[in-house]
1. In region 252-280, how many are of a type outside the set (Asp, Glu), part of a loop (DSSP other than H, G, I, E, B) and more than 16 Å from GLU291 (Cα to Cα)?
2. Can you tell me which condition LEU230 does not meet? The list is (1) farther than 27 Å from PHE275 by Cβ; (2) touching a strand residue (DSSP E or B) at 6+ places or on another chain (Cβ under 8 Å), and all the others hold.
3. Out of everything in region 59-77 that is assigned to a strand (DSSP E or B) and not polar (S, T, N, Q), what residue ends up being surrounded by the most Cβ atoms within 10 Å (Cβ to Cβ)?
4. Would you mind finding the one in SER164, SER184 that is out of contact with any Leu (no Cβ under 6 Å at 6 or more places or on another chain), of a type in the set (S, T, N, Q) and in the same structural domain as ILE240 (by TED's automatic domain parsing)?
5. For region 225-267, how many residues are touching a His at 6+ places or on another chain (Cβ under 9 Å) and either farther than 19 Å from GLN131 by Cβ or assigned by TED's automatic domain parsing to the domain that holds THR316 (or both)?
6. It is to be established whether one or more residues within region 10-31 are in a loop (DSSP other than H, G, I, E, B) and farther than 23 Å from ARG440 by Cβ.
7. Which count do you get for residues in region 150-167 that are outside any loop (DSSP other than H, G, I, E, B) and within 9 Å of SER125 (Cβ to Cβ)?
8. Out of ILE56, ILE109, report the one residue that is assigned to a loop (DSSP other than H, G, I, E, B), out of contact with any Phe, Trp or Tyr (no Cβ under 6 Å at 6 or more places or on another chain) and at pLDDT 95 or above.
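The values are calculated or read from the model by the stated rules, or taken from the named source; none is laboratory data. What you see is a predicted model, and the numbers here were worked out from it, not measured in a lab. A quick note on method: Cβ atoms are made from the backbone with ideal geometry, for glycine too, and the neighbour counts reach across all protein chains shown.
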Amino acid sequence: MLNKNEVYKTEITGLTAEGNGVCKIDSMVVFVPHTAVGDILEVRIVKTLKKYAFGIIERIITPSKDRISLDCPLSDKCGGCILRHISYDAELAFKRQCVYDAVTRIGGIDGAIVGEIIPSENIISYRNKVQLPIANDNDGNVTVGFFARRSHRVIPISGCLLHSGAFDPIIDAFIAFANKYKLSPYDEKSHSGLLRHLYLRHAMGTGEIMVCIVINGKDIPHSDDLIKNLLLTNDKIKTIIINENLEKTNVITGRVCHTLYGEGYITDTLCGISFRISPLSFYQVNRIQAEKLYNIAREFADLKPRETLLDLYCGTGTIGLTMARYVKKLYGVEIIPEAIEDAKINAKVNGIKNADFFCGDAAAAAEKLSIRRVKPDCVIIDPPRKGCDSILIKTISEHFSPSRVVYVSCNPATLARDLRIFGELGYEVKRIVPVDLFPRTGHVECVVLMSRVDR
């Protein structure tokens, strides 16, 4: 049994899917963050459980060949860049291995079909969206930042290397405004305080910027001064929005938005299509990589002019609308009403007349479409991290029975689980391509092609 606070010499032999280093000390598995495979370390044990323990680096004796110098002073404190201490080549290899391990171990799939990972063109300043919790710093002043790893303690930020550089002056102006009027950050324990999150979006294809302040209330004091000071930071700010979140929840945004300035949305371009983006709409955070992702999905879909395409979890219609020109009919389904309205407007703005969008739960809407005898030749699914509902998978396989299913996933574990279910219902995985949309973090996206197997 390892002793807490004891220091041991060890070597890191692997990484978990969460990016923690793995080593063995006295036959016990120990997880150590901010380490690289090949590091020889002195590790201090900070927590012991029955079958494993957690440690922290006490001293690096011999660094791994993958280890690089940190270029961000906060990366070992905040919960964002968990892979910033290793080379990008090592990061890509790690992410592909995560996909390989998940689909082979959980999905029971031959790992030979996992393709090479598509690297990101940019590994800094690529994020077009940021949601920053608001808190008081140690001196009682309002600040914004990121949550420390596995906590709700806010680490103040300055010049984050992941998000758009256009955000920094806006963040500074907002902090100055909040401190000028002594506005109170939200306290989740007492459910008091006004300011919850600062939420920014930058449409990098057009340059347009959205500022959204999430509050525990109906309005924000001195909003005219807020608008004036924000607009002074960047003439590309097209809209400023208040989002009301009055719930006792850790969900960032509420359902109600009202516009302080502009039209309440911004517009971006993706794969040659113009997209309207409102605060509650899903939109990929890495635009250049999203285009690569969607192009792979379109290649996998192999669409024909007389075919019908069903886009489930369609958001603002981004994937489906980029493929609409290749099919006779496009149907899109999404549970968020505002996103569906954006999808309908996006179709109209782009002159796309063969698209119908429906608001509702993906499984329930798919059931309704099947009752209407809609028979898609190809179904595209892009679910949240929790993956697909088993009822939805059954509806796709038994009611629609399309010849191809293209699955876009941001979670290899739930993807692998769902692929196993699809396999039991008559679908064979043909291709898997990982795509790095989130450099320096532990997340990886995948595109999967499944084909119907005659039974």
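1. 9
2. Checking LEU230 against (1) farther than 27 Å from PHE275 by Cβ; (2) touching a strand residue (DSSP E or B) at 6+ places or on another chain (Cβ under 8 Å), the one that fails is (1).
3. If we take residues in region 59-77 being assigned to a strand (DSSP E or B) and not polar (S, T, N, Q), then ARG67 is surrounded by the most Cβ atoms within 10 Å (Cβ to Cβ).
4. Answer to the check: SER164.
5. Residues that pass the stated criteria total 1.
6. Yes, because at least one residue in region 10-31 is in a loop (DSSP other than H, G, I, E, B) and farther than 23 Å from ARG440 by Cβ.
7. 1
8. ILE109
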